[in-house]
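The values are calculated or read from the model by the stated rules, or taken from the named source; none is laboratory data. Quick caveat: nothing in here was measured; it's all calculated off a predicted structure. In this analysis, Cβ positions are derived from the backbone assuming ideal geometry, glycine residues included, and neighbour counts consider all displayed protein chains. For accessibility, only protein heavy atoms count, side chains too; no ligands or nucleic acids. Shrake-Rupley method; radii C 1.70, N 1.55, O 1.52, S 1.80 Å.
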Amino acid sequence: MKVWPGKSYPLGATWDGKGVNFALFSEHASKIELCLFDSIDATHESVCLALTERTDQVWHAYLPEALPGQIYGYRVHGPYEPAQGHRFNPNKILLDPYARSIARDVRWADEVFGYRMGDPEADLSFDDRDSAAFAPLGVVIDPAFTWGNDQPPRTPWHKTIIYELHVKGFTQLHPELPEKLRGTYAGLASEFVVNHLLNLGVTAVELMPVHHFVNDRMLVDRGLTNYWGYNTLSYFAPESRYCATHIPQDAVQQFKMMVAALHAAGIEVILDVVYNHTAEGNQMGPSLSMRGIDNSVYYKLSPEDPRYYMDYTGCGNSLNVRHPRVLQLIMDSLRYWVVDMHVDGFRFDLASTLARELFDVDRLGAFFDIIHQDPILSQVKLIAEPWDVGVGGYQVGNFPVLWSEWNGKYRDNVRRFWKGDGGTLNEFATRLSGSSDLYQDDGRKPYASVNFITCHDGFNLQDLVSYNEKHNEANGENNQDGANDNNSWNCGAEGPTDDPAIRSLRAQQKRNFMTTLILSQGVPMLLAGDELSHTQQGNNNTYCQDSELTWLNWQLNDEEREFLEFVREVIAIRRTQPVFQRRKFFQGRAIFGADIGDITWFEPSGKPMGEEAWQAGFNQCFGFHLAGDLIGDVDERGQPVIGDSILILMNAYHEAIPFRLPVRVKGQRWQRLIDTADPKAERQWLSASKRYNLKGRSIVVLRTKSPEVKAAENDARSGGGVATGQQQPERESHSITSEQPPTP
């Protein structure tokens, strides 16, 4: 086989139409061999080529006879000195960190470990057995793909509604899909699934990890899997388990087809990425890739004893983001997914780990500096999970501009409020209005807060109102895994029940949670399946459950269909009412007199909230008014954004409370849009100053036309204010016009 010198850039295996360039970085290796395999079932490489060219610590070669489909791995020579942080072992075939596709997953065997399993010296021992028959292998791809007129939707942050889903679990039981498409990228791109997303009204899907990940050996031995996928091995290769095997294109092609289909529907694709650790674990883990290529470079090692790893993730290791080549790996990966795969953004798992320069979280770390100056990555959606498991790792509100964050404080407070806990009102009001205490001071906007009540981790919505305690026995860890503090309430019975009163209360609580989430300022994130009333039977840590426990059930009964319609209705209200899509924080002035506020808080008496009401620990009932003519924003053409004014009444108390509807102008009327205690209630018009019987544990949403909207409509009807020969300027005005209020 011909071997040419090749080039040190780009890293990975790159097909240029004539041959393949191979390039692998290793700072401390003494020799590197490129190993070519004839098939995924090969137990040994057919060709082993020493890379004799080395440029800037990158080992490289060009094979003019190699083609896409070539399966390969590496053997890396160097010192095996764990006490000094080096774990080179040329007996182990290693996966290229830049592999664009995975030909073969790891096949668990003792041979893939760099040390002798069971040896008294543990990881200080050396295993000289060959791992070629068991190691994961990369494959060269042809990246060509016809994107046509694919364009990123670029939905503005303030109009974004995120939907977190698992590629397999979302479609595995979908009755409209052929079995061969279920659980795949192709299934997610199908017309039935895309229509569900469109009818629901979400604007972006956030895919749980689709980078190639490893099923932990301990889980496989117990008959389980790493279902969630937070165990990444390759940051460039899409997970091949989600391929439709009957489609000839490889995982890369199928992933691109999925993105193109979602983009065609106007739906953005956000990836949940895990750059904080890898699947190689701690010092007792396998040598599959980076550990054997250059352990002391890729991972953060203990300064006191480099045999051990700094673990800020709870998964055994943490990537060494301080090293420029590791930082390059992450940046190259992110740009690849944007430029080549056309994704629209990223949610960074345990993002605080990436900000640790030495030990402390540094919000101005190199990772953020590079992203902020990058002309590609600075323009996509960036979401942080703002915590890790290390000291000082909880960093909600502390990420820099350009970043939005999963707002864990929002989740916890909203759960506590609707559970009926006292002393929650002050913070609850702050969370509803965009969490200005967390994001305003550093120049960020309300959309920096990604609001969520449920996500993949913890109870889903049905279980949040059905269980007081976690029930994780199926995980095989004696119910010791998963969070113990869930702020959940079972409404009177643990788990499933036929009691109609409890079932009715649970349905009402779900409506309360969903209405709160969708109509809060910030970016709402829904968990896939919550709208379908999916249950995980009280399991709040389903990371290892690849079964009907996590696969969504699309066969809905009447009660579940009604809730789905309710969720669609609330999302439609958010999307059509500009007061829920603010780009600025509220100023919050008094509502009476000429000085009318953009947001005003009310007591049940109809009077503005006073200091005593705010401080009362037992206060569980209040209302707030959002002025549709005081949004203070302009549209793309510079015209003021004006919409309906909205009044929201909330009562977390168990008994009904009469609430006097406030009056802003004489003869004002309010139209009821939602009453979570009576979801089938008509959208009738109500006179202001009247008392509304606000049922226990309920939300009522009402709207009225803003005075400026009425004035503009009156001008249009009378022709006033428009001079002859002049065109009236356009103003972005939104209201629900299907039903007009009666004339006062």
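Laid out as a table, the results:
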item: Assigned charges on the beta-carbon of Lys, Arg, Asp, Glu; the chain dipole about Cα centre (debye); result: 2480
item: For region 435-497, the spread of Cα positions along each principal axis, largest first, Å; result: 46, 27, 15
item: Residue (of Tyr72, Thr52, Gly148) at the positive-pole extreme of region 34-161, dipole from beta-carbon charges; result: Gly148
item: 5 angstrom amide H check on Ala244, placed H, neighbours 5+ away; result: Tyr185, Ala186
item: Amide proton proximity set for Ala132, modelled H, under 5 Å, gap of 5+; result: Ile93
item: Antiparallel bridge percentage (DSSP; both residues within the chain; nearest 5); result: 70
item: Value of relative contact order over region 46-195, rounded to a whole percent, pairs C-alpha under 8 Å and six or more apart; result: 18
item: Estimated vicinal HN-Hα couplings, Hz - region 295-308 in sequence order (Karplus 6.51, -1.76, 1.60; Gly, Pro = x); result: 4, 6, 8, 6, 10, 7, 9, 5, x, 6, 8, x, 5, 9
item: Mean separation of Cα contacts under 8 Å (6+ apart) over length of region 1-103, as relative contact order %; result: 31
item: Dipole magnitude of region 485-622, debye to nearest 20 (Cβ charges: Lys/Arg +1, Asp/Glu -1, about Cα centre); result: 760
item: Positive dipole terminus of region 346-464, leading residue within Leu402, Phe452, Leu377 (C-beta point charges); result: Phe452
item: Qualifying aspartates and glutamates (Cα of each under 17 Å from Cα of Lys419; at least 8 residues distant if same chain); result: Glu427, Asp463, Glu469, Asp485, Glu494, Glu655
item: Normalised contact order of the chain, rounded percent, pairs of Cα under 8 Å and 6 or more residues apart; result: 9
item: Solvent-accessible heavy-atom area per residue, rounded to whole Å², over region 419-572 at 1.4 Å; result: 35
item: Gain in span if fully extended, Ile502 to Gln587, counting 0.36 nm per residue against the direct Cα distance; result: 26.5 nm
item: For region 310-405, size of Cβ-based charge dipole, Lys and Arg +1, Asp and Glu -1, in debye; result: 100
item: Translational diffusion of region 1-120, µm² s⁻¹ [Kirkwood Rh, Cα pairs; Stokes-Einstein; 20 °C; 1.002 mPa s]; result: 141
item: Debye log10 I(q)/I(0) at q = 0.22 Å⁻¹ for region 527-620, Cα point scatterers; result: -1.08
item: Fraction of alpha-carbon pairs over 16 Å apart in region 21-81 - percent; result: 46
item: Pairs from Lys607/Lys705; Lys470/Lys680; Lys607/Lys695; Lys159/Lys695; Lys256/Lys381; Lys409/Lys584 whose Cα-Cα separation, in the structure shown, is over 23 Å; result: Lys470/Lys680; Lys159/Lys695
item: 5 angstrom amide H check on His471, placed H, neighbours 5+ away; result: Asn539, Asn540
item: Per-pair calculated FRET efficiency, R0 = 25 Å: Asp340 and Thr155 via Cβ, rounded to 0.05; result: 0.70
item: Calculated FRET value between Ser302 and Leu67, using beta carbons and R₀ = 41 Å, to 0.05; result: 0.40
item: Per-residue HN-Hα couplings for region 123-139 [Karplus 6.51, -1.76, 1.60; θ = phi - 60°; Hz; x = Gly/Pro]; result: 6, 7, 7, 10, 9, 9, 7, 7, 9, 4, 6, 10, 6, x, 10, x, 9
item: Integer Hz, Karplus 6.51/-1.76/1.60 couplings in order for region 627-641, x for Gly and Pro; result: 7, x, 9, 10, 5, x, 10, 10, 8, 4, 9, x, 8, x, 8
item: Distribution of pairwise C-alpha distances over region 381-430, 5 Å bins, in %; result: 5, 19, 23, 18, 17, 14, 4, 0
item: Positive-end residue of Gln480, Thr516, Pro658, charge dipole of the chain with Cβ unit charges; result: Pro658
item: Accessible surface of the chain [probe 1.4 Å, protein heavy atoms]: carbon and sulfur percent; result: 49
